[in-house]
Amino acid sequence: MIKIEKQVHSVPIITVWFADREIDDDGIINYKEARAPIGQSIPFITLISDLKESEDDIKAHFSKGCRYEVNRAYRENVEFHILDSDEIDDKTLEDFLDFFEEFWESKDSSIGDRESLAEELKKYRDSRAFSVGYAVVNGEIAVYHTYIHDDDITRLLHSASLFRLKNDTDDTNKNVIGMANRALHFEEMKYFKAKGLSVYDWGGAGKEEEVANITKFKEFFGGTPVTYYDCEQIKGTKAKLVSDLSSLKQRLLH
């Protein structure tokens, strides 16, 4: 289980990942991928891969085309780097956020509240529950993945690729970057397996139109669909008051 907390109007806002039971804390509690419903709950479907299997067996679940692209990435001399919490300083986080921002801008979208995201990632890092992986193509970082993890489960949090590198003169790197993305996932699976974790969570498998292609990509790795729950619980008088005031404000704005 992972638990991070911030204060809003002196009320704890707590995010809890992978809970199998209700926690004792008071506050506004957001459970992410709880193993059973807690409070107000919404089902969440994701894919998981079993890291207890051998590396060969994990790879055998990949589609034929996926295995080919992973193997091809190694032949293209893609470099892979994976950093754990104690190796991730503030500059590393800023470099990722710069890349992530450019990734969303390339899709004519936005990263959203960068400051809040940076604060969240620092809390995961400081809780020793955060990892960053990246792939280097022709001397430039082309792919980033971020993860949160406890002692048993690792969960993909962000994935971003830039298909036009600064030193590109044509599109020859585009296919290599796609291969690098797949191989980076496999490198990370091996990394977390070596650390003794047993579950690789692909971070969602929605069928809505806006995420269907992302889910299809994840399915190439042969994960098993499971249902968890995103839940909210409000405990304590002050937390209930703040929540009620927030709800009233939202109704007035709309």
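Numerical summary
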item: Residue that is surrounded by the fewest Cβ atoms within 10 Å (Cβ to Cβ) [pool: residues in segment 143-182 that are modelled with pLDDT under 95 and aliphatic (A, V, I, L, M)]; result: 165
item: In segment 213-246, the residues that are free of Cβ contacts under 8 Å to residues at least 40 places away in the same chain and more than 17 Å from the chain's Cα centre (by Cα); result: 237, 240, 241, 244, 245, 246
item: Enumerated strands (runs of 3 or more DSSP E) restricted to segment 76-160, each holding at least 2 residues that are among the aliphatic types (A, V, I, L, M) and out of contact with any Gly (no Cβ under 7 Å at 6 or more places or on another chain); result: 130-137, 140-149
item: Every residue from segment 51-98 that is under 25 Å from residue 150 (Cβ atoms), basic (Lys, Arg) and surrounded by 17 or more Cβ atoms within 10 Å (Cβ to Cβ); result: 59
item: Options 141, 148, 111, 177; residue that is β-branched (Val, Ile, Thr) and in contact (Cβ under 8 Å) with a residue 60 or more places away in the chain; result: 148
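The values are calculated or read from the model by the stated rules, or taken from the named source; none is laboratory data. Since we're looking at a predicted model, the values are computed, not measured. Don't worry about glycine lacking a Cβ; one is built from the backbone with ideal geometry, like all the others, and counts go over all protein chains shown.
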